[in-house]
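Below is one structure; the comments refer to it alone.
The values are calculated or read from the model by the stated rules, or taken from the named source; none is laboratory data. All figures in this text were calculated on a predicted structure; none of them were measured in a lab. Note that we place each Cβ from the backbone using ideal geometry, even for glycine, and neighbour counts take in every protein chain shown. For the accessible areas, the whole protein counts, side chains as well, though only heavy atoms, and no ligand, DNA or RNA atoms are used. Shrake-Rupley method; radii C 1.70, N 1.55, O 1.52, S 1.80 Å.
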Amino acid sequence: QVQLVESGGGLVQPGGSLRLSCAASGINLFPYAVGWYRQAPGKQRELVATITSRGGTNYPDSVKGRFTISRDNTKNTVNLQMNSLKPEDTAVYFCYVVIDLMHFWGQGTQVTVSS
């Protein structure tokens, strides 16, 4: 059974940093692209970062230069380093992977950026 578990969220002041982690069980993430998404209250879920199996990354303009996605294949995790956080980054953050046409989401971790 594939399970994704996010961790690392919390309350941070504007300009601060957080590091999120997505840990997988039941599957080795190495061959698959993995994404981080976020959803703020009343808004649609949006993509914030992707990483391919070879380590290629992609970001929307809203987080480019501030967020960095990486993978640790020895720990079977995908991480999201978030720097220079802004109040508009407040959301629940989810990791996501498609395996053999099946879609898997974690339960999410809350990130709140507020003074």
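Once you list every other residue whose beta carbon is under 13 Å from the beta carbon of Tyr32, what net charge do they have if Lys and Arg are +1 and Asp and Glu are -1?
+1
Using a 1.4 Å probe on the protein heavy atoms, what percent of the accessible area of segment 6-115 belongs to carbon and sulfur?
Reported share for carbon and sulfur atoms: 51 percent.
When only Cα pairs under 8 Å and 6 or more residues apart are kept, what is the percent relative contact order across segment 37-115?
24 percent
Kindly provide the trypsin sites (Lys or Arg not before Pro) of segment 31-70 that DSSP labels as loop, not H, G, I, E or B, and whose Cβ sees at most 16 other Cβ atoms within 10 Å.
Qualifying residues, ordered by number: Lys43, Arg45, Arg54, Lys64, Arg66.
Over the Cα atoms of the chain, what Rg and Dmax result, in angstrom?
Gyration radius and largest Cα-Cα distance of the chain: 13.4, 43 Å.
Would you give the gap between the C-alpha center of segment 83-115 and the C-alpha center of segment 24-66, rounded to a whole Å?
Each part's Cα centre sits 8 Å from the other's.
Going Cα to Cα from Lys43, which aspartates and glutamates come in below 13 Å? Please leave out same-chain ones fewer than 8 positions away.
Glu88, Asp89
Using Cα-Cα distances under 8 Å and only pairs 6 or more residues apart, what relative contact order does segment 56-102 have, in percent? Can you show the working numbers first?
Working: 24 pairs, mean separation 11.8, N = 47.
Relative contact order for segment 56-102 comes out at 25 percent.
Given a 1.4 Å probe and the protein chains all in place, what does the accessible area of Thr68 round to, in Å² to the nearest 10?
Solvent-accessible area, nearest 10 Å²: 70 Å².
In nm, to one decimal, how far is the Val2 label point from the Asp72 one, both placed 7 Å along Cα→Cβ?
In this crude spin-label approximation the distance works out to 2.2 nm.
Given a 1.4 angstrom probe, what's the average accessible area per residue across the chain, in square angstrom?
54 Å²
Based on Cβ point charges of +1 for Lys and Arg and -1 for Asp and Glu, what charge dipole magnitude is obtained for segment 7-115 about its Cα centre, in debye rounded to the nearest 20?
120 debye
One-quarter of the Cα convex hull surface for segment 41-89, in nm²?
Over all viewing directions, segment 41-89 projects a mean Cα-hull area of 4.2 nm².
For Thr77, which sequence-distant residues (separation of 5 or more, or a different chain) have an amide H within less than 5 Å of its own amide H, given hydrogens modelled in the peptide plane?
Asp72
Name the residue from Asn76, Leu29, Leu18 whose Cα lies farthest towards the positive end of the charge dipole of the chain, charges +1 on Cβ of Lys and Arg and -1 on Cβ of Asp and Glu.
Leu18
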